[in-house]
Amino acid sequence: MQKIVILTGAGISAESGLGTFRDEDGLWAQHRIEDVATPEGFVRNPELVHRFYNARRAQASGVRPNAAHEALARLQTGHPGEVVIVTQNVDALHEAAGAADVIHMHGELSRALCNACGTRWASPPEMSPADTCPSCAARACRPDVVWFGEIPYRMDEIFGHLSGADIFTAIGTSGQVYPAAGFAQEAAEAGAQCVEINLEPSAVARAFAETRQGRASEVVPVWVDQILRG
Ligand code: OAD
């Protein structure tokens, strides 16, 4: 039975209405990474960082999964082997589509983290520098998202999955941010067949044996149907 490992990025949620990072009108064209997505930025101006993630949380709460998220959930149910979904996205659209055990390597907008004691809990819709940790009461609450300069979550587990993958597919990710950008090469070296689904070739397109270009909502369901037909 074939084990399938899938990596998703902002492009899979674009057609649900969530902006990507690096496209022309993307989030990083409107905000400086150093200000809103680094530990140093948070120390300098926690108010600004909370405002940025509060806005993203509000936006994410009003969107629905699209046909690509739904197709991946269908693949998990219908494929006889293991289907592991690893996402760089902090939205919950895979889960909303019915996917199970999604690995959020860059954290989740719906979670909060205490910088003082490491406790995690469900975040309120709006966070602020005045919030106190439910466990240690420190005023050190942050969104449970991974910032630049921090180590993504569950990396050992992810590399374990990559080493056992028969098929590795990356969907809607620009291949600009490591370690995720290195997953295709890792999987290929372990013997997986690597497929890239994206609007355009990513920065690491050469690591993939096969490229399918187009919108995730159109290309992913076709790819899933092919796998399910066997
Ligand atoms: P990017 O914004 O870098 O890339 C999104 C990719 O999706 C681009 O290659 C687009 O061409 C493609 N795309 C856009 N719309 C699409 C569609 N409808 N169908 C298919 N592809 C589409 O986003 P990521 O690669 O996810 O990290 O970015 C990786 C990380 O960088 C993020 O997790 C975030 C960011 O900075 C942190 O904040 C730590």
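The values are calculated or read from the model by the stated rules, or taken from the named source; none is laboratory data. Every value quoted in this text rests on a predicted model; they were computed, and no experiment measured them. Because the Cβ atoms are built from the backbone with ideal geometry, glycine has one as well, and the counts that use them run over all protein chains shown. Please note that ligands, DNA and RNA were not included when accessible areas were found on the heavy atoms of the full protein model with its side chains. Shrake-Rupley method; radii C 1.70, N 1.55, O 1.52, S 1.80 Å.
The residues of the chain expose on average 47 square angstrom of accessible surface per residue, using a 1.4 Å probe on protein heavy atoms. For the chain, Cys141, Cys194 have no disulfide-compatible partner, since no other Cys C-beta lies under 4.7 Å from theirs. Measuring nothing but how far apart in sequence close Cα pairs (under 8 Å, 6+ apart) lie, relative to its length, the range 8-124 scores a relative contact order of 21 percent. Sparsely packed loop sites in the range 39-117 (the trypsin sites (Lys or Arg not before Pro) outside DSSP H, G, I, E and B with at most 15 other Cβ atoms within 10 Å) do not occur. The Cα-based radius of gyration of the range 38-150, divided by its Kirkwood radius, gives an Rg/Rh of 1.04.
If you roll a 1.4 angstrom probe over the protein chains with everything in place, what fraction of the accessible area of the chain belongs to carbon and sulfur, to the nearest %? Before the final figure, lay out each step's value.
Working: 5320 of 10840 Å².
Roughly 49 percent of what the probe reaches on the chain is carbon or sulfur.
Taking every pair of alpha-carbon atoms in the range 137-179, give the share separated by more than 16 Å as a whole percent. Looking at the range 137-179, the distances longer than 16 Å represent 60 percent of pairs. Per residue, the chain reaches -9500 deg cm²/dmol at 222 nm when only DSSP H runs of four or more residues are counted, each adding -39500 (n - 2.57).
With contacts taken as Cα pairs under 8 Å at a separation of at least 6 residues, the chain carries a relative contact order of 23 percent.
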